[in-house]
Amino acid sequence: MDSECAVCVHRSSYTANQHARGPGLWRCVHCHYSDASCARQPDGGRFNNSTTAVVTRSALERPFAQGAFRWVAKGRYSSGPRQGQACVFKWFKAGSVFSQDYFNLDMKGVDKALEFVNTFNQMGIINKVIKINVPQVWQFNHSSDSEWSGQKVLCEPFIQNYQKFNSNSGWHTETRAWGEVMQALSHFSYHLSAGDFVLCDLQGGIYQHEVVLSDPVILSRDRQYGVTDLGPDGISSFFAQHYCNNYCHRSWTRPGSTLQYFRPVPGTTMIQRSVGTEYSRPYRTRFYG
């Protein structure tokens, strides 16, 4: 539906019911869901619901998975409603000092991703719910092995049937309808943010009534989300590979022109600024750093 919002006079997205009713004076999704009478806000977060978990030394020494810059080990909750259920611990390869920045950026990215997912769910575009694992920064207690005592990790619920739907470089799976749904969610995030952000690198597991995602990436105009935020070039690369499908709405905006700046690969692409170097010590000397 391509019409102006009756409240803010803005061309925007509309709920599924409004789309079915055709053109008219309707509230856009922003105004519709800010109304106090529509106070029900579905929460797309999937939380630990626990304060403690255990993991074996062997699981930490031999992580079952690794990403571009972190390791993943499997543990088990030992308290709360999830007691006995599987969880995962994630820690960063860059070291404890640098990883604090990653912890902060990871949580910041999840918060922004939840904004997009919650609104996408509210619009009723599909008859299932999309959720995102919300990690917490946990710390090994001092009775742990001395190597791990006091170290910080991210903890979140384990995801079954893990698979990747799209990446932050423009790659996307061409199998299953859920691949198209995730492409639509990425496109929707660009539209909802007026072109400032794209939610991507969507990966997780398909359950009976929902899909649970983890480790999303936010692409932003000013690259405020760390080394996986490929900035404007990443946004352009996404849309260079994106073709609207049945889950995209015709009213959703997209860039006028796009270029492919990054090779579309399934893995997460990182970008770091390199700085030229010179010799850090006098020529032919050994004792200067």
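Descriptive notes on the structure:
- Selection status of residue 122, open to solvent by 50 Å² or more (accessible area, probe 1.4 Å) and of a type outside the set (Ser, Thr, Tyr): no
So that you can scan it fast, the table gives a plain yes or no per residue for (1) of a type in the set (D, E, K, R); (2) at pLDDT below 95; (3) under 22 Å from residue 58 (Cβ atoms):
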position	(1), (2), (3)
131	yes, no, no
152	yes, yes, yes
161	no, yes, no
164	yes, no, no
168	no, no, no
176	yes, yes, no
179	no, no, no
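- Residues within the stretch 125-139 that are touching a Leu at 6+ places or on another chain (Cβ under 8 Å) and open to solvent by 30 Å² or more (accessible area, probe 1.4 Å), tallied: 4
- Scan of the stretch 216-267 for residues that are modelled with pLDDT under 95 and on the phi > 0 side of the Ramachandran plot, ordered by number: 226
- Whenever a residue of the stretch 187-201 is touching a residue at least 60 places away in the same chain (Cβ under 8 Å), its partners that are of a type in the set (Phe, Trp, Tyr) and assigned to a loop (DSSP other than H, G, I, E, B), lying with C-beta atoms within less than 6 angstrom and at least six residues away or across chains, give the pairs 187/252; 191/252.
- Residue in the stretch 207-226 that is under 24 Å from residue 129 (Cβ atoms), of a type in the set (A, V, I, L, M), within 18 Å of the chain's Cα centre (by Cα) and part of a helix (DSSP H, G or I) present: no
The values are calculated or read from the model by the stated rules, or taken from the named source; none is laboratory data. No experiment lies behind these values; they were computed from the predicted model shown. A quick note on method: Cβ atoms are made from the backbone with ideal geometry, for glycine too, and the neighbour counts reach across all protein chains shown. When the accessible area is computed, the model is the full protein with side chains, heavy atoms only, and any ligands, DNA or RNA have been set aside. Shrake-Rupley method; radii C 1.70, N 1.55, O 1.52, S 1.80 Å.
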